[in-house]
Amino acid sequence: MNKKVVLSDACTDKISYALLEMPVGELFVACMDGKVIYASLVGCDADLGLVGSFCVASNQMELGIAGLREFLEVIKVQGYKLDPNYDDVFRLVNAIKTHDDPIAYFELYGTEFQQKVWRAVVQIKKGKVVTYSKLAEMVGRPKAVRAVANALAANNIAFLIPCHRVIRSDGSCGGYRWGERVKRQLISREAAK
């Protein structure tokens, strides 16, 4: 997670969260003021002991878990209250799935370039993939392939900002926070629909 994240003082002090069942595990989603501020895939093997017992994770998801731990620490230090609210989160995620401009439902924390990359990734249709090179072209920086990959790695709204839809020029998956197996599964499931 980007360590420079500071939640806006203008926001409420309550963060709603829920665990949503996904084809490749569970998705922890945190929302504030009608926008998603964080999302991370988690599994179901080992209790993390975070904020009660709402969240569990498997070994192959350690990077996602580290990001989740960091996110929870940031909100704790800043004095925000966590509110388990499945209905609000579920409604928001469904709105994102059906909206023409889902980025409007995200509170993005990152550099201007990172946000530009994330906005471009959201435009990639479900079931389609683009290469890191193509994505670099889409954001107007055709030589910035590595910077694009780094921006994708910094995405704090996993799955909903679909970084998994970006692959290497040779057709291989490339990196993914939860491993290539999960990335391939997501790409395959979306392509089959």
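The values are calculated or read from the model by the stated rules, or taken from the named source; none is laboratory data. Keep in mind it's a predicted model, so treat the numbers as computed, not measured. Counting neighbours? That spans all protein chains shown, and the Cβs are built from the backbone with ideal geometry, glycine included. Keep in mind that these areas ignore ligands, DNA and RNA; they rest on the heavy atoms of the full protein, side chains included. Shrake-Rupley method; radii C 1.70, N 1.55, O 1.52, S 1.80 Å.
Overview of results
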{"quantity": "Solvent-accessible ranking of LYS193, LYS35, largest area first, probe 1.4 Å", "calculated": "LYS193, LYS35"}
{"quantity": "11 Å beta-carbon shell around LEU92, net charge (K/R +1, D/E -1)", "calculated": "0"}
{"quantity": "Ranked order, GLU70, GLU180 - accessible area, probe 1.4 Å, largest first", "calculated": "GLU180, GLU70"}
{"quantity": "Amide proton proximity set for MET22, modelled H, under 5 Å, gap of 5+", "calculated": "LEU27"}
{"quantity": "Accessible surface, the stretch 111-193, averaged per residue in Å² (probe 1.4 Å)", "calculated": "52 Å²"}
{"quantity": "Across LYS126/LYS183; LYS125/LYS183; LYS81/LYS125; LYS128/LYS183; LYS35/LYS143; LYS97/LYS143, pairs whose alpha-carbon gap is larger than 24 Å", "calculated": "LYS81/LYS125; LYS35/LYS143; LYS97/LYS143"}
{"quantity": "J(HN,Hα) series, the stretch 175-182, from Karplus relation 6.51 cos²θ - 1.76 cosθ + 1.60, nearest Hz, glycine and proline x", "calculated": "x, 7, 3, 9, x, 5, 4, 5"}
